[in-house]
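The structure under discussion appears below in the form of structure tokens.
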Amino acid sequence: MSEHIAFEEEQARLASSLQDIEEQLRGIGPKYTGDDFTEQVLDFQREERKQRLEVAFKEPYFGRIDFQEMFQDGVAIEDVTKPLYIGKAGVARSGNSNELLVIDWRAPAASLFYSFTGGDALAEYVSPDGDISGHVHLKRNFMIRQGELVRLVDSYVRGQEEDGVTDEFLLFRLGENKDNKLRDIVSTIQGEQDKIIRAERNKALFIQGVAGSGKTTVALHRLAFLLYQYEGRIRADRMIIFAPNRMFLDYISGVLPELGVGDIGQTTFGDWALELLDHSIQLSDPSETMMHWFEERRTEEEWENASGRWKGSIAFKEAIDGRISELQETILPTESFIPLPRFELKPEMMREWYETDYGDETIMVKRDRLASRIRRWLESELKQRGVVDKKIRAQALAKLNSFVKKMPSFSAVKLYVSLFRGKTALPGVPKAIAKSTADRLGSGMAAAEDLAPLTYIHLKLYGLSSAPFDHVVIDEAQDYSPFQLEVLRLCQRTVSMTILGDLQQGIHGYTGVHSWNELQGLFQEEDTGFFELNRSYRSTMEIIEFANYILGSMTGGVKPAVPVFRSGDSVIAEHVNNDDWLCSILQVAKEWQAKGEYDTISIIGRTERESYDIHQYLIANGMEASLVQSKQPTYGGGLTVVPVYLSKGLEFDAVLIADVGAEAYETMDAKLLYVGCTRALHKLKLFYRGERTPLLADWEG
């Protein structure tokens with residue numbers, strides 16, 4: 001069939017589908033506003049259906065796969081090849097709920113669209129009824145905009161395979177410009193990504209993904225899949241995404257709504273921890289910590305021995321466990337409670353109540369319940385013995401209050417401070433760390449490194465006030481300490497996590513991990529899974545090859561990024577004089593904007609101060625530019641100036657690294673420069689003042 005005829009046939013099919021969806025939308029009727037509970041439930045179901053239809057009406061489908069199902073012996077079940085149209089939302093044909101107009105991308109049969117890569121061998125997918133196999137005769141991609149068929153690409157036609165055709169639609173989508181929001185990839189999910197999305201739920205799934213491999217987007221699509229696959233068993237409002245900062249949360253905010261998913265919590269570890277602690281403390285400015293480490297030169301030994309790494313270790317957690325065990329023993333009274341003559345409650349009875357009746361409760365909850373139980377015992381005894389004299393009763397209650405006060409009561413902050421101060425301080429803690437921590441907490445402030453221990457203590461003392469999480473997503477997990485992950489593990493009844501990151505982008509060495517084994521070791525081996533995404537879809541071949549060069553032999557057991565075959569401009573490193581440096585940056589920004597080829601442009605500075613100076617110069621010379629800062633909640637696109645350590649997670653059409661001179665980037669800064677370079681999709685240029693960084697000493701370009 002010629003491409004022209006196929007396009008006309010698909011246009012007609014699209015028009016018919018849109019008409020069907022529109023008729024279904026009109027038939028839903030107005031929203032119910034009455035008080036009848038049954039009608040309210042039905043209205044809720046109608047509203048859900050309406051939302052699915054509205055999603056489908058904007059873009060009914062993006063793919064088609066023609067499939068002929070076979071018996072196990074290779075005989076066709078029917079001499080018919082069925083076209084399956086794949087979209088963001090499943091839609092039944094009007095008047096026939098058993099015939100699907102569009103198959104939801106999360107449905108078992110839709111997995112064929114992502115897993116099939118060509119060839120004559122049988123393709124198969126796993127359905128609720130077992131494995132289904134058959135032949136794929138056609139795999140077709142669509143781009144539909146505003147109800148119009150814009151593009152059609154056949155990535156596979158049985159018997160007519162051509163080399164290189166498979167990636168044509170993917171390359172077209174990758175070549176598009178970026179805006180200020182992350183987009184869904186539902187129409188271009190690749191086979192290795194689909195395996196992660198559809199992986200079983202009850203695992204701590206670790207994803208090592210190179211820059212631009214789509215790991216964040218894959219994790220978001222996995223949430224949508226899990227809600228579909230385990231409908232009725234998990235809830236969106238019991239899922240949570242932990243992102244590195246609020247700006248990143250804003251950047252990814254459009255993906256889940258586009259997939260028809262709402263109510264999933266999205267936060268940072270810091271914000272979540274402060275809320276759990278009922279804001280009993282405040283968080284010191286995280287930018288101070290970042291500037292302290294990134295803008296002042298540190299040796300490898302200083303990074304490795306940072307207090308954040310020590311406070312994030314399991315060894316520190318075990319030391320806290322020891323102190324909590326000691327606390328638990330001091331809660332239980334060792335003497336009888338004798339409020340009045342011949343009234344006695346023995347310690348053995350109180351221990352039985354504490355350990356047996358309240359055994360599953362947390363420490364402070366058990367302590368408070370034991371205190372209430374002792375009070376009820378006294379009231380019962382006074383009543384049974386007919387004690388009505390107010391004075392005698394008051395004496396008994398006074399002794400009760402005095403007795404209960406001897407049972408220690410701690411908040412998380414109070415117990416944590418005791419680990420660093422006075423006779424109760426933990427042995428072996430460096431004096432400087434102990435003093436700074438105690439002083440900071442004494443003034444009502446906590447550093448980011450203190451939040452994992454504080455939340456852990458709170459959970460051990462008081463438990464989780466909300467329902468346990470059904471699923472947890474942790475992005476940029478290489479910057480998490482083992483202690484942070486242990487805290488989140490406590491917030492689930494059954495392990496169900498998606499933990500993603502890139503060790504090569506582990507720039508927060510003062511707190512993060514060097515190997516995934518540091519985090520995987522927190523779980524039983526059978527409760528973990530590991531995937532590696534090495535293919536980078538973000539940047540051109542030239543940019544990826546340059547970024548890999550920067551890392552050199554510094555692999556850390558991680559495979560280098562493999563670019564998609566998408567070629568672009570060469571990467572340029574250009575020397576500029578210090579006096580002309582800001583003017584040169586201005587000229588590049590003007591030139592790139594004038595071309596009109598790039599929607600998002602970034603100037604990446606080495607430090608926050610340097611980025612501020614660049615931004616001020618651009619503004620003074622009539623440029624409209626935004627400056628990314630650590631507390632910034634949103635990213636607006638356009639021309640942006642950002643310090644390199646705040647650029648992680650973002651993407652730009654074109655990037656200029658402001659200075660890669662020897663004074664800006666030393667050998668130990670390889671990961672930092674790698675992060676900056678891999679922000680670029682289509683264009684990357686670097687300036688350097690003085691000598692080049694030793695990271696580029698032998699690079700010819």
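No lab work stands behind these numbers, since they all come straight from the coordinates. Everything numeric in this text was worked out from a predicted model, so none of it was measured. Here Cβ is always computed from backbone atoms with ideal geometry, including for glycine, and neighbour counts include all displayed protein chains.
Output the 0 to 90 degree angle, nearest 10, between the alpha-carbon long axis of helix 3-26 and the longest principal axis computed from the alpha carbons of the chain.
Approximately 40 degrees, to the nearest ten.
Could you line up Asp659, Asp653 from fewest to most neighbouring Cβ atoms inside 10 Å? Can you show the working numbers first?
On the way: Asp659 23, Asp653 20.
The most exposed by this proxy come first: Asp653, Asp659.
Let me know the shape class of the stretch 96-151, please: from the alpha-carbon gyration tensor, a ≥ b ≥ c as square roots of the eigenvalues, rounded when a/c is under 1.5, otherwise prolate if a/b is greater than b/c, or oblate. Spell out each step's value before the answer.
Working: a/c = 2.54, a/b = 1.34, b/c = 1.89.
Note, shape of the stretch 96-151 comes out oblate.
Label-point separation (nm) for Ile338 and Ala121, each offset 7 Å from Cα along Cα-to-Cβ?
8.4 nm
Let me make sure I get this right: for the stretch 577-647, a, b and c are the square roots of the gyration tensor eigenvalues over alpha carbons, sorted descending. Under 1.5 in a/c it's rounded, otherwise prolate if a/b > b/c, else oblate. Which is it?
Oblate, because a/c is 1.5 or more while a/b does not exceed b/c.
Over 21 Å between Cα atoms, which of Lys366/Lys405; Lys414/Lys460; Lys317/Lys435; Lys88/Lys215; Lys317/Lys406 qualify?
Lys317/Lys406
In terms of the Cα gyration tensor, with a ≥ b ≥ c the square roots of its eigenvalues, is the stretch 333-405 rounded because a/c is under 1.5, prolate because a/b exceeds b/c, or oblate? Can you show the working numbers first?
Numbers: a/c = 2.12, a/b = 2.01, b/c = 1.05.
Note, shape of the stretch 333-405 comes out prolate.
Run the simple label-point estimate for Asp527 and Glu326 please: 7 Å along Cα→C-beta, distance reported in nm.
Distance between label points: 2.8 nm.
Return, ordered by residue number, the residues of the stretch 445-485 whose backbone nitrogen is under 16 Å from a label point located 7 Å along Cα→Cβ of His279.
445-446
So, in the stretch 541-696, how many Lys pairs have Cα atoms under 19 Å apart, if the pair is 8 or more places apart or on different chains?
10
Sequence neighbours fewer than 8 away in the same chain don't count; with that in mind, list the lysines whose C-alpha is under 16 Å from Lys391.
Within the straight-line cut-off, Lys391 pairs with Lys383, Lys399.
Does anyone have the angle between helix 608-620 and the longest principal axis of the chain? Alpha-carbon axes, 0 to 90°, nearest 10?
Taking Cα atoms only, the helix is inclined about 50 degrees.
In the stretch 307-381, which trypsin sites (Lys or Arg not before Pro) fall in coil by DSSP and have 14 or fewer other Cβ atoms within 10 Å? Don't skip to the end; give the middle numbers.
Working: sites: Arg309, Lys311, Lys317, Arg323, Arg342, Arg351, Lys366, Arg367, Arg369, Arg373, Arg375, Arg376; in loops: Arg342.
Qualifying residues, ordered by number: Arg342.
What is the stretch 333-405's relative contact order, in percent, from Cα pairs under 8 angstrom and six or more apart in sequence?
With pairs under 8 Å counted, the relative contact order is 31 percent.
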